Every structure is written in C-alpha cells, then in structure tokens.
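Since the structure comes first, as structure tokens, the remarks are kept for the end.
Since every read-out is calculated from the coordinates, none of them should be taken as a lab result. The model shown is predicted, which means the values in this text are computed figures rather than measured ones. Glycine also receives a Cβ, built like all others from the backbone with ideal geometry; neighbour counts cover every protein chain displayed.
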Amino acid sequence: MAANNRRMSGKKGAQVGSGGQRRRGLEGKGPTPPAEMRKGHAKQRAAQAKARRTTGRTQQRRGGGRSTSELVVGRNPVVEALREGVPASTLYVQQFIDNDERVREALQLAAERGGINLMEAPRPELDRMTNGLNHQGLVLQVPPYEYAHPEDLVANAHDDGEDPLIVALDGVTDPRNLGAVVRSVSAFGGHGVLVPERRAAGMTAGAWKTSAGAAARTPVARATNLTRALEAYKKAGITVVGLAADGEAELSALEALDGPVVVVVGSEGKGLSRLVGETCDVRVRIPMPGGAESLNAGVAAGIVLYEAARRRS
C-alpha cells in the first residue's frame with residue numbers, strides 16, 4: 001500500500017491552462033510569401049535594386065540634366081551680365097575694393113534684382129576661385145542651367161494646342177549663336193531649342209546675354225544623342241527639315257513648315273553632320289542672290305522661323 005501511495009504521490013497536480021496558445025501555435029500561417037517579398041532574401045534585394053534603376057531612368061527621362069555652375073569675371077562683364085538679366089546666385093566683391101562706378105552699379109543691380117547673395121572675399125580667395133584671371137575684384141556666380149528633355153518641347157506645343165516648331169542645332173559651338181537662335185525661336189512663336197550634350201554650345205552666360213532675356217521664356221533641351229532624338233521626333237509625326245546649301249528643296253516651296261516641324265541647323269563651316277543629314281526627311285536651301293556661301297546659324301534659323309510663322313498666321 002505504501003508503494004502504491006508512493007506511485008500516486010508522483011503524479012502531477014492540476015496544471016495552469018495554456019489559454020489556447022498551444023492550439024493556435026499549431027495552426028498554419030497561410031501560404032509562404034514569394035521570395036521577392038521575404039525580408040532579406042536575395043531575390044527581394046534584386047527586385048529592389050531593379051526598382052531603383054527603373055526610377056532613376058524615369059527621372060532622367062523627365063529632365064535633360066543640368067550644366068555646371070559658371071563664373072563671370074571682371075567689372076564690365078559682371079555689370080553687363082546683371083544688366084541683361086543673366087541668372088546669378090552670388091556676387092563676390094573683393095575686400096577693400098576701389099569703389100568706382102562699375103562696382104556701385106553691380107551692387108545696385110544685384111540688390112534691386114533680389115535673390116543674389118553678396119559675399120565679401122579677400123583677393124587671394126578670388127584669385128583661387130578664378131584660377132588667377134584678372135577679376136578686378138568682381139566675380140558673379142551663374143547657377144547651373146536646367147535643361148528640358150526633348151519630349152518636353154513637343155508636350156509644350158500640344159499643351160498650347162499648336163503644332164510643334166522646334167530648332168535643333170548640330171555642331172554649333174558658339175554660345176552667342178545659341179543665344180541668337182533662342183531669341184529668334186521666342187520671337188517667332190517656336191517651342192524650344194534642342195542641342196546635343198557633347199561638342200555643342202550650352203546655355204552659358206554668353207548665350208543668356210545674346211538671347212536678350214528670351215532664354216527665360218524659351219526652353220532649351222539637351223539630347224545625349226541628337227540623331228536618336230530626331231528619330232523619336234519623326235516617330236511622333238514631326239517632319240525633320242535640315243538646312244543645307246545643296247538642299248533638294250527651296251525654302252519658299254517647303255510645305256512642311258505648315259505643320260509640326262523640327263528645323264535642323266548645322267555649323268557655319270561644316271553644315272550638317274552625315275548622320276544627322278541622313279536622318280532628315282528633307283534638306284532645304286535658302287536662296288541667297290548675293291552669293292554668300294553660308295549664313296550664321298542664328299540668321300539662318302531666323303529666316304526659316306519667319307517663313308514658318310508667316311504661313312501659320
């Protein structure tokens with residue numbers, strides 16, 4: 001009996017219930033999520049990297065990129081840039097500078113415009129900034145230019161309910177020519193200017209000055225590859241017209257100017273490059289009774305834009 005009691009004394013008494021936790025622990029957690037959704041999984045990391053690359057390409061497509069900042073150096077150039085409305089972020093003035101008329105005008109123009117920081121700097125610092133150029137105590141910093149994307153020029157025209165009228169520059173390296181073209185495009189109701197990213201003039205302070213303020217109203221787009229950008233325009237139903245001295249069509253007989261058109265202007269010396277010339281739907285010549293061999297890019301673009309505006313009015 002004692003042995004039997006010992007066996008019975010080894011039994012456990014009443015236990016505290018689990019509250020159903022053990023039963024829930026045995027229940028399934030649903031289907032296993034795909035690898036791309038599992039935190040830390042190699043496939044999830046690969047999917048995230050792919051998404052970042054796609055987002056980067058989309059953002060790049062929305063804009064044409066930015067140029068680098070630029071410095072305008074010297075009293076006369078700084079005053080002229082401020083007079084012409086060239087965008088500026090900072091005006092650097094040398095400490096203890098001789099306060100002549102040009103310095104006073106530069107300070108006055110910068111203060112009147114607003115949004116331009118005035119910074120006083122010692123001469124050695126200005127020498128370093130300008131790589132030893134003769135800055136005469138005045139240095140103006142021009143912020144990077146925000147280029148449009150080639151597609152933006154077409155979209156702007158469609159938003160206005162108009163057929164696109166765009167000028168593309170092929171091999172034009174003088175910023176003053178770019179500024180003159182921007183001015184003509186603005187004057188004759190064009191929708192923008194397209195330039196290649198390499199071996200071409202950009203929107204520098206010189207281009208801004210020559211545009212006489214038109215650069216603030218007329219977008220300039222930049223293409224990584226000009227030929228591909230023109231081909232994309234053609235697929236969108238836009239006629240690509242190249243200006244060439246030996247063009248097969250004459251400007252006065254060119255009906256394409258009545259509709260959506262991109263006018264491609266080459267450099268004064270070499271004209272259109274081979275690939276760009278082959279991409280054009282038609283090459284047109286401007287009659288020159290005076291016998292000139294070629295026209296300045298700004299002048300040539302202005303003549304064609306005037307003819308297009310006349311037909312569209």
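Bins of 5 Å, beginning at zero and ending with the bin holding the largest distance: percent of Cα pairs per bin for the range 165-313, please. Reading the bins upward from 0: 2, 10, 22, 25, 22, 14, 5, 0. The percentage of C-alpha pairs in the range 63-207 whose separation is greater than 20 Å is 55%. Convex hull volume of the Cα atoms of the range 216-277, normalised per residue: 133 Å³. Using only side-chain charges placed at the Cβ, +1 for Lys and Arg and -1 for Asp and Glu, the dipole size of the range 182-236 relative to its Cα centre rounds to 60 debye.
Using a simple charge model, +1 on the beta-carbon of Lys and Arg, -1 on the beta-carbon of Asp and Glu, nothing else, what dipole does the range 113-250 show about its Cα centre, in debye to the nearest 20? Don't jump to the answer; show the numbers that get you there.
On the way: 13 positive and 17 negative charges, 109 e Å.
It works out to roughly 520 debye.
In the range 96-172, taking the dipole from charged Cβ atoms about the Cα centre, the farthest positive-side position among A121, G161, V172 is held by A121. Take 102-110, 160-168 and order them by the average number of nearby Cβ atoms within 10 Å per residue, most first; the result is 160-168, 102-110.
Rounded to the nearest 20, the size of the Cβ-charge dipole of the range 180-284 about its Cα centre is 620 debye, with Lys and Arg at +1 and Asp and Glu at -1.
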